[in-house]
Every structure is written in C-alpha cells, then in structure tokens.
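One structure is given here, and the rest of the page talks about it.
The values are calculated or read from the model by the stated rules, or taken from the named source; none is laboratory data. Note that the coordinates shown come from a computational prediction; the quantities given were computed from them, not determined experimentally. Glycine gets a Cβ as well: all are built from the backbone with ideal geometry, and neighbour counts include every protein chain shown.
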Amino acid sequence: MDFRSTLALRFRRFAFVAVLGTALTAHGTAQAPPQHPFGTLRDQAAMQQQWLRKRLDTFLPSLMRKHGVDMWIVPMREYNEDPVFSALVAPETFAARRRTIYVFFDRCASSGAAPSAQCIERIALGGTSQGGVFEARRSMRAAASNVGRGQQAELWGDEQWLALKAVVEERNPRVIGIDRSTVFAFSDGLSSGELKGMSAALGERWSARFRDAEDLPLDVAAVRLPGEEAFFTRMQELVWSMTQEMFSSRTITPGTTRTSDVAWWWRQRVNDLGLATWFQPTVDVQRKGVAEDKLGEDPIIERGDVLHCDVGITVARLNTDTQHLAYVLRPGEEDAPEGLRKALANANALQDMTMEEI
C-alpha cells in the first residue's frame, strides 16, 4: 500500500473526519447501540497484538529505507514516553519500564537488498519483548530473587547505555535516526535528558551520526493495515449512531436541555458502552439573530437552533474525531430550512475538494 495514500486516509479519518454530515434533526427516536460493541478487552488485545506485529513487519522496513535511516533508536523513561510509543508496544503495556530503549536496525541497507521484515532487527533494552515482537536483552547479572535459578536481571541504569553502545558498535550504522523535530510534535519525542545520556554513552563517533528522524516516527504512527481501517469504519459507524441518539428527543428537550447536558450525555454513554474518549466533547448553539456572546457559555437549546458537536471515542488505541450538525425543528417543520441545507451542501463540496488535494 502506498504510504502517502495511507497517511492521507488516516488524516481524513482520524483528524479530518470532522466533516459536517447530514443535516440531522433533533427529534424522533434513534436506536441505541449495543453494549460492548467491540467485544471484550481481551478480544481487542489479541487483535491489537496481531496488528502490532503485522504493522512492524509490513511497513517499518520500507519506511526506514524511505527515510534513509539505517538504525532508529527510541529511548524513553517511564511516564515520559515518546509519542510513537503506543505504536510500538503490546496492548498490555501502558508505560515504559523505568527506561526503555527500542533499537531498529536495517541489516540489508548496506547491501541495497530489497527491504523486508527479515531485514529489520528489533531489540528492546529494558522492558519486555512486547509479546515476542522484540528481542528483549537482559542483564549479565542474575536477578536478586532468582539466584541459582539462571534468570537474568533486567537491564537498568548505566548498564542500558552500555548495552546500547555494544549494539551500535556491532552493527556500525551509517545513519542513526532519533526522534527530534522542530516541525512535527509526533517526531519530537526524545527528551533532553535522554539525548544527553545517550550522547555521553555512545561518544562522539556515534552521536555524530545522529539525524533527526522527522517523518519516520510520524509515518510509523500513521500507517494502518486494511484490518485496522475496517475496524475504524465500524468505530465511525457507531459514532454516527450515537450522534443520532444524542441529537434526538431521547436526549434533548427544547426549552429545558442545556448544551452541557448533551456533552455529558456523550461522556456517560461512551462509558456505559465500555469505551473511552480522548477529549471532552463539546456542543454549541447557533441561533438566528442572536450573537454568540449573547448566548452564554451553557445555553438552553431552543427550537430553531443549529447544533454543532465535536465528539470522539477511543477503542484499541484508535481515536475518532467527529463533528456533526443538527437542526432543532420548529412546530410544523419536517426538515431543516432550505438555506441551511444549501449551506451544508456547499460545505460538503468544499471538503470534497480539500480531500482531493490531500
């Protein structure tokens, strides 16, 4: 799959899916979505683990070659994780382990052989193998609680940097990519302290080969498998269903319901379904002939109002971000006024043109 088109697809779905959909009317009855619509957390974790291995096998070799990086080093400390962390670890892993250093090395780059999963070494210095996705290096010391049993201790402290130097020296990479960028936040995950520690441990010979990875971590976080895209479509279908319920008489009583009531309905509904969200939902009102500053921060919804929402859900480390419009029917109306419908059609046309240029 072409990485540029994959990234564009992700941009559309994860960021630009905030398109204004059909002119929903806040009346009628919507069917409630099923409870736990994506199965158990255990089922989701098994699916995510398969995605992780397949993503790294499928995309990482070509991405490293595309960005001219022989070795990619991603060090981080617990609770100060690199933004790319969640794209590299198993679903059971929520934070780095004290210090975790991930090393990716393209052993085929020097020969010019075609990139493949077999070309990329994946080494974890600290933490686990993430379900067998990495080769987890251990300390040469025996674990304190396993003396005589042959189990080695975890790498820790300066020993991790020494292990990293040995890995680098054994492979002699020409270019070492690090997550530092003045352009992309997702590519700027290397902390000042970790850069200082790594540079001191590796010395001038190897730190002189550091290069800002720029698009590499961004692309690794962005690329999606067909199975992930299909799952995301299911998520978005659920969001649309929930939005229809939110913008209905089951939730809104004109003259009584405030915008904050609707926003908190979304938060609670997401929680009741066993899901999560990654930002506070918002609902706002546009009212003919009334300036925005006159409506107040938490207006009561009235008939004839145009409603706008910005909502999302999180499932299996995927996030939706969706904006919809609704119109609250006046007595005797069966649809939104023609002017509003034309305005929405014009907005949709502009969005289509924008998407064609991405």
In this structure, is VAL103 in contact (Cβ under 8 Å) with a residue 12 or more places away in the chain, in a loop (DSSP other than H, G, I, E, B), at negative phi and aliphatic (A, V, I, L, M)?
-> no
Where residues in segment 334-353 are without any contact (Cβ under 8 Å) to a residue 40 or more places away in the chain and of a type in the set (Asp, Glu), which of them is surrounded by the most Cβ atoms within 10 Å (Cβ to Cβ)?
-> ASP352
Check segment 293-315 and report whether any residue there is exposed (fewer than 14 other Cβ atoms within 10 Å of the Cβ) and either hydrophobic (A, V, I, L, M, F, W, C) or at pLDDT 95 or above (or both).
-> yes
Give the residues of segment 201-211 that are in contact with a Leu (Cβ under 9 Å, 6 or more places away or on another chain) and surrounded by 20 or more Cβ atoms within 10 Å (Cβ to Cβ), sorted by residue number.
-> LEU202
Enumeration of residues in segment 78-91 that are surrounded by fewer than 19 Cβ atoms within 10 Å (Cβ to Cβ) and in contact with a strand residue (DSSP E or B) (Cβ under 9 Å, 6 or more places away or on another chain) | GLU78
Just give me the residues in segment 45-66 being without any contact (Cβ under 8 Å) to a residue 60 or more places away in the chain and either outside any helix (DSSP H, G or I) or closer than 13 Å to ARG122 by Cα (or both), in sequence order.
-> PRO61
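Looking at GLU302, is it charged (D, E, K, R), free of Cβ contacts under 8 Å to residues at least 12 places away in the same chain and in the same structural domain as THR243 (by TED's automatic domain parsing)?
Judged against the criteria, GLU302 is not a match.
Kindly indicate whether ARG122 is part of a strand (DSSP E or B) and surrounded by fewer than 22 Cβ atoms within 10 Å (Cβ to Cβ).
Yes; evaluated as a whole, the condition is true for this residue.
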Of these, VAL74, VAL69, VAL133, which one is within 20 Å of ASN172 (Cα to Cα), of a type in the set (Val, Ile, Thr) and either assigned to a helix (DSSP H, G or I) or in contact with a helix residue (DSSP H, G or I) (Cβ under 7 Å, 6 or more places away or on another chain) (or both)?
-> VAL69
How many residues does segment 326-358 contain that are more than 29 Å from THR251 (Cα to Cα) and either in contact with a strand residue (DSSP E or B) (Cβ under 6 Å, 6 or more places away or on another chain) or aromatic (Phe, Trp, Tyr) (or both)?
-> 0
Consider HIS67 against the criteria (1) at pLDDT below 95; (2) in contact with a Leu (Cβ under 6 Å, 6 or more places away or on another chain): it satisfies all of them except one. Which criterion is unmet?
-> (1)
Any residue in segment 259-273 that is surrounded by fewer than 15 Cβ atoms within 10 Å (Cβ to Cβ) and in contact (Cβ under 8 Å) with a residue 60 or more places away in the chain?
-> yes
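Name the single residue that is nearest to ARG55 (Cα to Cα) among those in segment 106-119 being loosely packed, with under 15 Cβ neighbours inside 10 Å and in contact (Cβ under 8 Å) with a residue 60 or more places away in the chain.
ALA117
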Residue by residue through segment 181-209, note down the ones that are over 20 Å from LYS165 (Cα atoms) and touching a helix residue (DSSP H, G or I) at 6+ places or on another chain (Cβ under 8 Å).
-> SER181, PHE184, PHE186, SER187, GLY189
Would you mind telling me which numbered condition in (1) assigned to a loop (DSSP other than H, G, I, E, B); (2) within 25 Å of the chain's Cα centre (by Cα); (3) not charged (D, E, K, R) PRO173 fails?
-> (2)
